[in-house]
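All of the numbers you see were taken from the coordinates with simple rules; none came from a lab. As the structure is a computational prediction, the values presented were derived from the model and not from experiment. Positions of Cβ are generated from backbone atoms using ideal geometry, with glycine treated the same way; all protein chains shown enter the neighbour counts.
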Amino acid sequence: MSRLNRLRREIPLQLVLLIFAVPTFFPVFVMLSISGKDFFQYGQQPLLPTLPFNFSNYEVAWASMSSTYFNNTVIIGTSVAVILIFASLTSFALARFSFPGRKVLFYFVLAVLAIPPTVILVPLFMLIVNMGLLNTRWAVILPYAASQSFAILVFYTFFSTLSKEIFESAQIDGAGFFQMYIHLGLPLARPIMSSIGVFLIWIQWNDYIWPSLVLSNPELQTVALKLVVFYLGRGIPEPGQGMAASVISSIPLVILFLVSMRTFIAGLTAGAVKG
Amino acid sequence: MASQVTFSASAPRRYRINLERLRHFAPLYLMVLPTVVMLLIFFYYPAINGFLTSFHYVDVRGWRWVGLDNYERLFSDARLGQSFKNLFFLAGFNVLVVTTMPLIVAALIFRVKSTVAQFWWRIVFVIPIVVPAVAIILVWRWMYAADGGLNILLNLIGLGDLTRSWLGDRDVVMWALAFTNFPWVAGINFLIYYAGLQEISSEILDAAVVDGATSFRRFRSIELPLLRPQMRLLVLLTLIYWMRSFELPMIMTNGGPGYASMVPGLRMFYAINRDFDLGYGSAIGTILFLIVLVITLVQIRLTRTRDDVV
Amino acid sequence: MNSSRTASTRTFFTLCILLVCLMAAVVGSSAQDATEFSGELRIAVWGQIDQAVGRPDVTVVHDMLQQWQAMYPDVQLGYDYIGGTNVSERFTWINTNLLAGTLPDVVMIYFPGPDVTNAVDLVYNFADDLQQPNPYSTNAAWREDFPLDGLVLNQTQSSDSGNRVIGFTLSGDSGVTTYAYNQTIFDEVGIEPPTTWGEFMQIQQTLKDAGYTPFQMPTAGSLGWVWNWAEWIIREQLMEDVISACDIEEPRNLLNDKEVVRCIATGTFTLQDPRMAETWELLQQWSQYWQEDFLAPPPDVDLFAQGEVAIINTMNLWLGQIAANPNITFDWGTFYQPPVTAADSEFGNDLLPRRVGNLGQAGSGSVYFFIPNTTVDRGPERLAMARDLIQYVTAPDQLAQWCSQQPIPCYEPGTPIEEVYTDPVMVERMRGFFEPGAYNNGGASLNWATFDRALDAEWSRLFVEYMSGSMTIEEVFAEFQPLLDDSVQRAISAHPEWGADSW
């Protein structure tokens, strides 16, 4: 009874939230609705969903977008793995042990956070060109993999909050620095690792500018890049196909979100706070 | 913030450079080495190189030292002044937005009694971010088109007089860009406020309820002051984000019509990707870097009172 | 402790193995072996020429490259895609790679941009080879393989007075001086293709009164360059005498960069010329018939195909896209841009606009081949292969193959359209490409686009500022003049061989 009352009292609150939710979802609605329209359906009713739902838009869009899933998997998979391994190693060393040069190294690593990627766009581009990596996946993987400072900051905060007793006992057991990382640091860091991983995947999935500079080969292009190229670069524009490509570009993240909802949210929160 | 845990028994003591010591710590240096090398190659080298490039004229035949020419061009370029104005408008507008909309929604969700409902509301406002930012921009581009969503909606509710070419009208194009992502709730910003609200101890809140404080007073006198760190952080992140990103005008309008929605980052991008004007592009990049640096330093100054990270 | 120890070890090694696998996937595989022509040959192509839809101009080239590959199975022919979604980005890609020495062995583009014509010393010179026979041809010299003046390229001569031949094109192209129209709409409102500029405006007024959008002018997006061309075409039409005065070097009828720079530096061409302002005013008047939001990015839907827009720009490269568009079910035709008469403007001179691009000259908008000097550095075999590939593609048999599959077949200049097409529908559709007769006007380029792209981008943005009413013509020209002067000075100092002191 009281539960029902409470619910009733909350109705205005929920309504207000709903008012915020509707426009928030409007773009998603538009995307889904238009993605099912053929040329003439769009001409007659550009906004509301029409029947029959025209799946051939997805066929056309998929023909262009299909290679991007593999590219993103390889690019993001490699760079995130590199970041997780080396950022955790670095922050473990910096957070748990004091050794000559530790402070200098710490600032060396974190100062990078003050360099916005846009600012080094030109020279990084020239560097990639001079390394002969233009139009290879490395052109994207390497700079991504080097963007470790945010992960290091999160790992660092995490490692430095661990109690020192366990490390002391491990030290008495005669474990070396690396063993301590493997047997103590890593297992403890696993939850935060997946949060960081999810956040990095999200960031890299969204990146458009850098791939657009270095990946002109259509077979190597990433999801976000190919989407823009497909949407804006066609000779015969078809809104349905463009929106279908947008939907296709979101599907993997939707799945990632659904299977790891809590990690995803934790990762985004941690990422934003530190990044 | 975190108490520093040192392995060595005598942590604060100064080290002398000592080979044996270095050998002892060698594994630690090895652990840090890959990161350091990567940062050197992909951040420090380009940053320094970019700074140097800004003093050169670059073309197919090579580099030529031109001193401050690029900076002179930059400061005498009236169009660049306009684009900085646009940038500050976008950044300012979004600071305004980020300190209100996501905060309101986070506070509202926090007031929902059932934790299950809270969880699901949170999901509702997070899930739109799985759509890539460029896809969202493309949808909004459609919304603003002459035959697009916004004009359709306006006609539908009988406000046909207000329809216009939102991206082709120089007087409204910046507002159109600013209103992209309306109502600006979805995403990380509201999660940060929400996480901040969760950290407020329930005792304080309970005490407020016992005192009979209204919901609004509770917000104004307890939650809002306690959320100040989150707000400061979001303002910083928003400012930095807009200083460095230019996807929105790039995909939406190409900076047009004319220069009406041009921003410095986009101009820099064109300098490298269209005009092959690397020196000028680097000069713009250096200026943007200085702006970000100033913002960051101001922020650090403002938060001096908080614990140092190291 | 023990179980967590193994679990964490596993985590670490799983991560490492994952990393190794992914790296292996990145590296991919490559292997090759050798005989007469053997090894790798890379060719830079404009886009996905193997998947281009409605673009026989490039798909046929792809077929020919495949044929060449079939003759030399030991050669690994690889494609590099020229980056970018628009012309300037692709030029930048070429520029960057030319600078870095990473340009593929053969480059296939639509036309050599400023990056190539300004850096001819970085590009292989074919002048001597042209005197030798082409192994795929029976002609005495390769030069004789280019018979159809106006359709097939002769040569590109750079402005360094060295008369270098730096590349070959396959196609002429009538730029954007041809317009496609919706025949059904024309019949409905009772109008005919125009013969003068005044008539052109008049029929658009009729269309507007009938509720149609008369004309769609792309001003942004991947076709954003089209309206610059519109401006440039009218400018050249009105200023024919200035072009003649500036055209001081062979070959005639083409202004190279040296001639344009000289023309501006000596004041033969100036923004103060009243015909410059007149050009902009004509476009301003025309713009009342363009799509209402022409200053906004292009719409997401093809309004011509939807039957909302009556007239659009076209060019022979795009004809396939109209013809292959399943959504176009109505009849359509083409007409050539009509002349500005004295009745239309005080500067009207009855001249037909110059056909943009034709002789296969620089800026002609044709499929174009060149070899960067880095190919030469990679050894004589590499150069021989690259040259052989180009010789094959430009041999008479291949030209015939190419011509046979174009929407506009190759024909002797001056041939009446009825002799080229027997189908009356095709006569109506293609009339705009034949009406001015032969490709006789030349691609003049009274334009800075070929020596300073950044300047041209600035010009077009200022043009938008004028069209959107935020600046007057005088303000625009006043702002542009110093930029133009700077650019001309830069060009002069970059080209001491021009001997600018003696101008």
remark   = Given the candidates A:163, C:400, C:186, the one whose Cα lies deepest towards the positive end of the charge dipole of the protein assembly as shown, counting +1 at each Lys or Arg C-beta and -1 at each Asp or Glu C-beta, is A:163
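Please give the charge dipole size of chain B, origin at the Cα centre, charges +1 on K and R Cβ atoms and -1 on D and E Cβ atoms. Round to the nearest 20 debye.
800 debye
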task = Considering the convex hull of the alpha carbon atoms of chain A, report its projected area averaged over all viewing directions, in nm², one decimal.
result = 21.8 nm²
Charge dipole magnitude, Cβ of K and R +1, D and E -1 - chain A, Cα centre, debye nearest 20 = 720 debye
task = Take chain A, connect every pair of alpha-carbon atoms lying under 10 Å apart with a spring to form a Gaussian network, then pick out the residue of A:37, A:226, A:103 with the largest mean-square fluctuation.
result = A:103
note = Given 20 °C, 1.002 mPa s and a Kirkwood radius over Cα pairs, the Stokes-Einstein diffusion coefficient of the protein assembly as shown in µm²/s is 67 µm²/s
key: Cα convex hull volume per residue for the stretch C:273-430 (Å³)   = 217 Å³
query = Excluding same-chain residues fewer than 8 positions from residue A:37, which aspartates and glutamates have a Cα within less than 19 Å of its Cα?
reply = A:59, A:238, B:147, C:300, C:302, C:308
request  = Can you tell me the relative contact order of chain B? Whole percent, Cα pairs under 8 Å, sequence separation 6 or more.
outcome  = 28 percent
request  = Compute the FRET efficiency between residue A:169 and residue B:224 as 1/(1 + (r/R0)^6), taking r as their Cβ-Cβ distance and R0 = 41 Å, and round to the nearest 0.05.
outcome  = 0.35
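Got a sec? How would B:262, C:426 order by Cβ neighbour count within 10 Å, fewest to most?
Neighbour counts put them in this order, fewest first: C:426, B:262.
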request  = Take chain A, connect every pair of alpha-carbon atoms lying under 10 Å apart with a spring to form a Gaussian network, then pick out the residue of A:240, A:132, A:185 with the largest mean-square fluctuation.
outcome  = A:132
query = Rg (Å, one decimal) plus Dmax (Å, integer) for the alpha carbons of the stretch C:172-319?
reply = 17.4, 52
key: Footprinting exposure proxy for C:74, C:257 (fewest neighbouring C-beta atoms within 10 Å first)   = C:74, C:257
ask   = Toward the positive end of the charge dipole of chain A, about the Cα centre and with charges on Cβ (Lys, Arg +1; Asp, Glu -1), which of A:31, A:261, A:172 goes farthest?
value = A:172
Within the protein assembly as shown, percent of DSSP bridges classed antiparallel, to nearest 5 = 60 percent
ask   = Projected area of the stretch A:119-203, taken from the Cα convex hull and averaged over every viewing direction, in nm²?
value = 7.6 nm²
note = Any helix of chain B counts here only if DSSP assigns it H throughout, its Cα atoms span 20 Å or more along the axis, and its mean Kyte-Doolittle hydropathy is at least 0.5, and such helices are B:19-39, B:78-98, B:228-244, B:278-302
query = Do you know the relative contact order of the stretch A:158-275, to the nearest whole percent, from alpha carbon pairs under 8 angstrom that are 6+ apart?
reply = 32 percent
message = Taking beta carbons within 10 Å but only from partner chains, what does the mean come to for residues B:120-128?
response = 5
task = Treating cross-link reach as a plain straight distance, find the aspartates and glutamates whose alpha-carbon is under 19 Å from the alpha-carbon of residue A:164, omitting any fewer than eight places away in the same chain.
result = A:173
query = Mind checking the alpha-carbon convex hull of the stretch B:78-309 and giving the volume per residue in Å³?
reply = 167 Å³
inquiry  = Suppose R0 equals 35 Å. What FRET efficiency, 1/(1 + (r/R0)^6) with r the Cβ-Cβ distance, do residue B:44 and residue C:377 give to the nearest 0.05?
reply    = 0.60
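Taking beta carbons within 10 Å but only from partner chains, what does the mean come to for residues A:87-98? All intermediate terms of the calculation are to be shown ahead of the outcome.
On the way: counts 2, 3, 8, 8, 3, 3, 9, 5, 4, 5, 9, 12.
Per residue, the average neighbour count from other chains is 6.
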remark   = Dividing the helical contributions, -39500 (n - 2.57) per DSSP H run of n ≥ 4, by the residues of the protein assembly as shown yields a 222 nm value, nearest 500 deg cm²/dmol, of -17500 deg cm²/dmol
Interatomic Cα distance distribution for the stretch A:44-136, bins of 10 angstrom, percent = 11, 21, 27, 18, 13, 7, 2, 0
key: For the stretch A:229-268 versus the stretch B:133-198, the gap between their alpha-carbon centres in whole angstrom   = 19 Å
query = Longest span of chain B, sites excluded, free of trypsin sites (Lys or Arg not before Pro) in DSSP loop with at most 13 other C-beta atoms within 10 Å?
reply = B:114-303
